[in-house]
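> Here it is, the structure in full.
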Amino acid sequence: MLSAVALAAALVAAPLAGSAPACVATEGGFDWGFKESFRAYLSGSIANGAWTTEGGIGYETPVFTTDALEGDLALAPLSGELAVDGAMRFTGHEGILDTTISNVRLGLVDGQRLELVVDLRGTTQEFVEVDTADVLFATGDLAAAAWTAGDDGLLIAGIPLTLTEQGAEAFGTYPAGEALDPLDLRLTTTADCAEQAIAARQSGAGMLAPLLIVGVVLIGVAASVVVHLRLRAAKRRSHTVNIQDE
């Protein structure tokens, strides 16, 4: 027989009967301005800088854009990673600042969080040489974005991004916690799968709460049973002592 804790865990983990086959996305794209104020600074008279792109990443004013994201992403809930083979290069101050951000990967966790991981090399405007891979550059709040299903897939628009400590150390211009431009993520999938992704996002927390309540109730019942059995055992021991005394 399952213990109360094990039963509660099983109920939480068990898939719903008759659930539809898993939906996935293996392609997508994004539009991302990086940071508008930084681009304005680079293009101004102080930095006299510019930015260029390589590979699968392009630039269409005012955002860096790609349709070359590839990977393996579950949609309900949203979980997995997509990546693009491309780069964004920022230059300024007559070459003192020369930073290339490449190998951009978007990791998505349980439909709640986006993790933007990059490789970064070059020189910051503080003359610091940088050459590092797998930098967790920024994190994003998927719950704060707008999710829309369409015939061509799922659009998650306006994902707010925050610079991490790793990102701040590698990039060298802004402190950790700095807000970057929001990112729009496009996932290529069927309209039905896009709807399933949105439904999973909307119902995930609501489904979990009742199951956790069931688990708590079961644990309480189990505790009550244990106390009852102990009391019965104590009464039996007391009855036996009384008989022996007689």
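> Take Thr173 and Ala50, extend 7 Å from each Cα along the Cα→Cβ direction, and tell me the distance between the two endpoints in nm.
In this crude label model, Thr173 to Ala50 measures out at 1.6 nm.
> If R₀ is 25 angstrom, what is the calculated FRET efficiency for the pair Asp141 and Glu27, using the beta carbon separation as r and rounding to 0.05?
E between Asp141 and Glu27, to the nearest 0.05, is 0.60.
> Expressed in whole Å with the largest first, what are the equivalent ellipsoid semi-axes of the range 27-165 derived from the C-alpha gyration tensor as the square root of 5 times each eigenvalue?
Ellipsoid semi-axes (Å, largest first): 28, 16, 14.
> OK, next. Going 7 Å from the Cα of Glu81 in the Cα-to-Cβ direction, what parts of the range 160-178 have a backbone nitrogen less than 18 Å from that spot?
164, 166-167
> Under the rule of at least 5 residues apart or a separate chain, name every residue whose amide H is placed under 5 Å from the amide H of Asp110.
Gly80
> Please pull out the direction-averaged projected area of the range 19-93, using the convex hull of its alpha-carbon atoms, in nm² to one decimal place.
5.9 nm²
> Along the range 57-66, what does the Karplus equation 6.51 cos²θ - 1.76 cosθ + 1.60 (θ = phi - 60°) give for ³J(HN,Hα), rounded to whole Hz, x for Gly and Pro?
9, x, 9, 10, 2, x, 9, 7, 9, 7
> Hey, if you drop one equal point scatterer on each alpha-carbon of the range 80-131 and run the Debye formula without solvent, what base-10 log of I(q)/I(0) do you get at q = 0.16 Å⁻¹?
So the normalised log intensities work out to -0.55.
> Next up: Which value, in Å² and to the nearest 10, is the accessible area of Glu60 when all protein chains are kept and the probe is 1.4 Å?
120 Å²
> Moving to a separate point now. Over the Cα atoms of the range 101-172, how large are the radius of gyration and the largest Cα-Cα distance (Dmax), in Å?
That works out to 14.6, 48 Å for Rg and Dmax.
> What FRET efficiency comes out for the pair Asp134/Asp110, r = Cβ-Cβ distance, R0 = 25 Å, nearest 0.05?
The pair Asp134/Asp110 has a calculated efficiency of 0.75.
> Determine ³J(HN,Hα), in whole Hz, for all residues of the range 154-171 in sequence, where each value follows from phi through the Karplus function 6.51 cos²θ - 1.76 cosθ + 1.60 and θ = phi - 60°; x replaces Gly and Pro.
For the range 154-171, the Karplus curve yields 10, 10, 10, 9, x, 6, x, 10, 10, 5, 8, 5, 4, x, 5, 5, 6, 7 Hz.
> Sorted by average packing, counted as other Cβ atoms within 10 angstrom per residue and highest first, what order do 84-97, 46-59 take?
By packing density, highest mean first, the sequence is 84-97, 46-59.
The values are calculated or read from the model by the stated rules, or taken from the named source; none is laboratory data. Computed from a predicted structure; not experimentally measured. Reconstructed Cβ throughout: ideal geometry from the backbone, glycine too, with neighbour counts over all protein chains shown. The protein model used for the area step is the full one, side chains on, heavy atoms only, and it has no ligands, DNA or RNA in it. Shrake-Rupley method; radii C 1.70, N 1.55, O 1.52, S 1.80 Å.
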